[in-house]
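A short write-up of the structure that comes next.
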Amino acid sequence: MNEIIKKNGIKFGIISGVIGILSMIIPYAIDISLLVQWWYGLLLLLIYFIVGCVLLINTRKELNDVLSFKDAFKTYFISALIGIFIGLIFNIIFFNYIDTEVAQQVKELNIENTVSMMKKFGAPTSSIKETVEKLEDYNQFGITEQLKGVAWSLIGSTIFGLILAAIFKRKPKEQL
């Protein structure tokens, strides 16, 4: 494997992991309800998009303005994999061993938001009750659920990586 691809994948993976940790620590310190706000999730997606773009732009520059689709995807995927697993380890430790009460607070906020949204859309009371019962039984910060979340993150990152690789690939000038 090319050293530049490996170096950048690892470096930006650590950066992504730190962003993931900060995305939990900042709401924890300021206002835990941020974790259930739709706009906060979109903001994080935008930040990860920017990090992915910077990663591939830097990698392409370091490879003399040449980046194959495969190398672009590989660089992004290494970065995503490292970032996801740093975040996973932090979340498991934080929510299951350091502050288990915050997991319950987030669950309650999530239930409140869900009920509010369902009422806005005119959902029947029986449907709301059923949804609340399911949410009360669900432990999103449990180790099993977080591992399932990693699977979904990897799927999303793969799709995102394929799109970014297609955008940032560049052939040598003599092949254009």
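A few points about this structure:
- Mean shadow area of the chain, taken as a quarter of the surface of its Cα convex hull (nm²): 12.1 nm²
- Couplings for segment 35-41, taken from phi via the Karplus curve 6.51 cos²θ - 1.76 cosθ + 1.60 with θ = phi - 60°, read 5, 10, 8, 4, 5, 5, x Hz in order; Gly and Pro are left as x.
- Residue ranking by accessible heavy-atom surface, 1.4 Å probe, largest first, among 1, 117, 24 comes out as 1, 117, 24.
- Residue 129 sits among other residues whose Cβ lies under 14 Å from its own Cβ, and their net charge, with Lys and Arg +1 and Asp and Glu -1, is -2.
- Dipole magnitude of segment 2-147 about its Cα centre (Cβ charges: Lys, Arg +1; Asp, Glu -1), debye to nearest 20: 620 debye
- Split the accessible area of segment 66-176 by element, probe 1.4 Å, and carbon with sulfur accounts for 61%.
- Segment 1-103: C-alpha pair distances exceeding 21 Å, %: 41 percent
- All lysines inside 24 Å of residue 107 as judged from Cα atoms, apart from same-chain residues fewer than 8 positions distant: 119, 120, 129, 134, 148
- Here segment 112-170 is treated as an ellipsoid with the same Cα gyration tensor; its semi-axes, largest first and in whole Å, are 35, 18, 7.
- Derived scalar couplings ³J(HN,Hα) [segment 22-30; Karplus, 6.51 cos²θ - 1.76 cosθ + 1.60; whole Hz; x for Gly, Pro]: 5, 5, 9, 5, 4, x, 4, 7, 9
- Cross-link reach list, lysines versus residue 11, counting only Cα pairs under 17 Å and skipping chain neighbours closer than eight places: 61, 74
- Cubic angstrom per residue, convex hull over Cα atoms of segment 58-154: 149 Å³
- Distance between the 7 Å Cα→Cβ label points at residue 2 and residue 49: 2.6 nm.
- Backbone HN-Hα couplings from phi across segment 62-77 [Karplus 6.51/-1.76/1.60, Hz, Gly and Pro as x]: 5, 9, 6, 6, 10, 8, 6, 4, 4, 5, 5, 5, 4, 4, 5, 5
- Other-chain or far-sequence residues with amide H under 5 Å of residue 68's (modelled H): 170
- Cβ-derived FRET efficiency at R0 25 Å, residue 148 paired with residue 123, nearest 0.05: 0.45
The values are calculated or read from the model by the stated rules, or taken from the named source; none is laboratory data. Because the structure is a prediction, the values reported are computed rather than measured. Cβ sites come from the backbone with ideal geometry, for glycine too, and all protein chains shown count toward neighbours. When the accessible area is computed, the model is the full protein with side chains, heavy atoms only, and any ligands, DNA or RNA have been set aside. Shrake-Rupley method; radii C 1.70, N 1.55, O 1.52, S 1.80 Å.
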